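Below: the structure, in structure tokens.
The values are calculated or read from the model by the stated rules, or taken from the named source; none is laboratory data. Just so it is clear, the model here is predicted, and its values are computed rather than measured. Here the Cβ positions follow ideal geometry from the backbone for every residue, glycine too, while neighbour counts run over all protein chains shown.
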Amino acid sequence: MRVALPSRPGSLGAVATALGSIGAQINLVEVVEKGDIEVDEFILALPEAQSVESIVTACDALEGVQVQWIRNYPRGGNIELDVQLLQRMAADPPRAAETFVAAAPVVFRARWGLLLGVSPLEVIFSTPGAPELNAALLARFLPFHEVHRVALEAGWLPGWGKHSAVVAPFGSQHAVVVGRPGEPPFLTSEVARLQYLLGSASGVGEIDRDAPSAQKTCSGHRSPLADPLYRCS
């Protein structure tokens with residue numbers, strides 16, 4: 001988050017107090033520019049109960065303080081995680097699709113992931129916390145042959161709030177959906193990274209073949225094997 005604030009004693013403390021009032025944890029503060037107006041950047045950990053809008057409201061309520069921009073910072077979602085994910089997929093090619101979806105919420109700082117079969121349209125694998133969707137609701141994520149973002153309004157699923165999702169093909173017979181509640185939407189850089197990982201994964205194994213999970217039943221969500229991987233219990 002980048003914030004402009006008056007360059008006077010107490011201004012930074014007031015911002016910190018406002019952030020603390022909504023439960024946001026400050027992990028890093030960096031002064032970007034000094035002058036009559038100071039520009040600071042914060043890296044925050046935000047409680048699940050709070051939204052990005054709550055940060056803006058808390059800060060903008062302070063006199064002379066303005067939030068210039070907020071973007072999702074993928075803590076832990078760096079190149080090391082990408083490499084580890086591709087290594088795990090290469091280690092078990094028949095389950096490469098499931099491995100990718102299981103790791104996607106961690107790698108992309110999201111909440112849930114789905115692996116879809118596109119013909120017929122059905123959920124093959126889902127992470128804990130993923131929505132249970134029928135064919136009609138799955139159609140909201142069309143098309144499945146290209147990478148794109150989907151904005152889901154509050155109430156798109158009974159009891160669910162606004163969500164942002166990104167959809168990408170995974171071979172010719174599968175698609176991946178990764179979702180997060182509220183804001184921020186998936187950035188262009190995140191979408192490009194997802195597309196790159198899926199493109200790299202295309203050489204991992206026989207992704208277009210039926211996934212093992214489609215050949216056996218597994219009620220409910222999988223249990224952790226080695227975070228962020230899951231398997232049938």
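Can you name the residue in segment 8-35 that is in contact with a helix residue (DSSP H, G or I) (Cβ under 8 Å, 6 or more places away or on another chain) and in a helix (DSSP H, G or I) and, of all such residues, is surrounded by the fewest Cβ atoms within 10 Å (Cβ to Cβ)? Checked segment 8-35; the qualifying residue surrounded by the fewest Cβ atoms within 10 Å (Cβ to Cβ) is Ser21. Pro143 meets each of the listed conditions (1) in contact with a Leu (Cβ under 8 Å, 6 or more places away or on another chain); (2) modelled with pLDDT of 90 or more apart from (1).
The residue of segment 36-61 that is nearest to the chain's Cα centre (by Cα), among those that are over 27 Å from Ala154 (Cβ atoms) and either assigned to a helix (DSSP H, G or I) or at pLDDT 85 or above (or both), is Phe42. Screening Val177 on (1) over 17 Å from Gly113 (Cα atoms); (2) at pLDDT 85 or above shows it passes everything except condition (1).
Among the residues making up segment 71-93, those that are surrounded by 14 or more Cβ atoms within 10 Å (Cβ to Cβ) and either part of a helix (DSSP H, G or I) or at pLDDT 85 or above (or both) are Leu81, Asp82, Leu85, Leu86, Arg88, Met89, Ala90, Pro93. When we screen Arg2, Arg88, Arg109, Arg95 for residues that are at positive phi and of a type in the set (Lys, Arg), the only hit is Arg109.
Just to be sure, is Leu5 touching a residue at least 60 places away in the same chain (Cβ under 8 Å) and surrounded by 14 or more Cβ atoms within 10 Å (Cβ to Cβ)?
Yes, satisfied.
Among the strands (runs of 3 or more DSSP E) confined to segment 123-185, the ones with at least 2 residues that are crowded, with 20+ Cβ neighbours inside 10 Å, in the same structural domain as Ala110 (by TED's automatic domain parsing) and not small (Gly, Ala, Ser) are located at 163-170, 174-181.
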